[in-house]
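**Q** One structure is given below, represented as C-alpha cells, and several questions about it will come after.
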Amino acid sequence: MLKKIAMFSLILLISCRENETTQRSNEEPKAFEETSIEIGRFRKGGDLVEDLYQELVDKSPELKALENELSELNPRDTTNLFYTYDQKSDDYYNSVESHINGIRDSVMKQKMINLITKSQDKYVTQKADIENLVNTINKKRSEITNYHTALKIILTIPLIEEYQKQHLPKKSPFEKVIERENQALEKTKSVTPKY
C-alpha cells in the first residue's frame, strides 16, 4: 500500500513539476547564489540537491504535505520497542554463558547448556512474528527513502539544466586568455637562450 502511495505521489509531483518549472523560470533558485565561503580552492557550501529541493518544497503545497507526512512517519519509535526488548534477551543469554562457563561440574554444565539452548530456541520462535514485522517496516522505510531520493533528483534536474543553459560562460574571455598565453609563450621562447 505504501508503495502505491509513494508511486502516486511521485507521479503527481512530476506532473506538477512542469507547471512549477514554467512559473519559476523567471526566478532563479537562491541555492545558485554565490554565498559560499571560499577556503583556498575548496568551497564550503550545502548539499545543492537538498537546497534546491527545499526551495521547491517551500513553494509547493503538495511537496510540503508530503514532507510533513514523511516527517511524522517515524517507525523508529516502534522498532526501538522491539530492539530494546530483544537486547535484554541477548544480554541475558550472554550473561548466562559466562555463568555457565563458571560451572566446574561437567554434567551440571551440560544440563545448563541444554536448558539455556531450549530457552533460546523458544525465544527465537516467540519473537519471530514481531521480528518479521520489524523487517518489513525497515524494508518499507528503505523503499520510501529510495523514492524520496529519486523525487528530489527528478524535481531538481530541470533547475540545474536551466541554470546550466542560462549561465554558460561565453567563449571570448577564454579565447582571450589563450591568446595572451600564446603571446607570453612566444615572448618567453624569444628571450630564452639557445641550449
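The values are calculated or read from the model by the stated rules, or taken from the named source; none is laboratory data. Everything numeric here is computed off the predicted structure, so don't read it as measured data. Cβ placement follows ideal geometry from the backbone for every residue including glycine, while neighbour counts extend to all protein chains displayed. Heads up: the accessible areas ignore ligands, DNA and RNA and are worked out on the full protein's heavy atoms, side chains in. Shrake-Rupley method; radii C 1.70, N 1.55, O 1.52, S 1.80 Å.
**Q** Considering only residues that are open to solvent by less than 50 Å² (accessible area, probe 1.4 Å) and among the hydrophobic types (A, V, I, L, M, F, W, C), which ones fall in the stretch 125-153?
**A** Passing the criteria: Ala128, Val134, Ile144, Ala150, Leu151.
**Q** Taking the options Glu97, Glu143, name whichever one is assigned to a helix (DSSP H, G or I) and over 32 Å from the mean Cα position of the chain (by Cα).
**A** Selected residue: Glu97, the only one of Glu97, Glu143 that is assigned to a helix (DSSP H, G or I) and over 32 Å from the mean Cα position of the chain (by Cα).
**Q** Moving on to the next point. Do the conditions hold for Ser89, that is, is it surrounded by 12 or more Cβ atoms within 10 Å (Cβ to Cβ), under 22 Å from Lys127 (Cβ atoms) and modelled with pLDDT of 95 or more? Full working, then the answer.
**A** Numbers: surrounded by 12 or more Cβ atoms within 10 Å (Cβ to Cβ): yes; under 22 Å from Lys127 (Cβ atoms): yes; modelled with pLDDT of 95 or more: yes.
In short, yes.
**Q** Here is a further query. Just for the stretch 92-124: of the residues that are open to solvent by less than 80 Å² (accessible area, probe 1.4 Å) and among the aromatic types (Phe, Trp, Tyr), which one is nearest to Leu56 (Cα to Cα)?
**A** Among those that are open to solvent by less than 80 Å² (accessible area, probe 1.4 Å) and among the aromatic types (Phe, Trp, Tyr), it is Tyr123.
**Q** Does Ile160 satisfy the condition of being under 38 Å from the mean Cα position of the chain (by Cα), within 25 Å of Asn74 (Cα to Cα) and surrounded by 13 or more Cβ atoms within 10 Å (Cβ to Cβ)? Outline the logic, then answer.
**A** Values: under 38 Å from the mean Cα position of the chain (by Cα): yes; within 25 Å of Asn74 (Cα to Cα): no; surrounded by 13 or more Cβ atoms within 10 Å (Cβ to Cβ): yes.
Criteria not met by Ile160.
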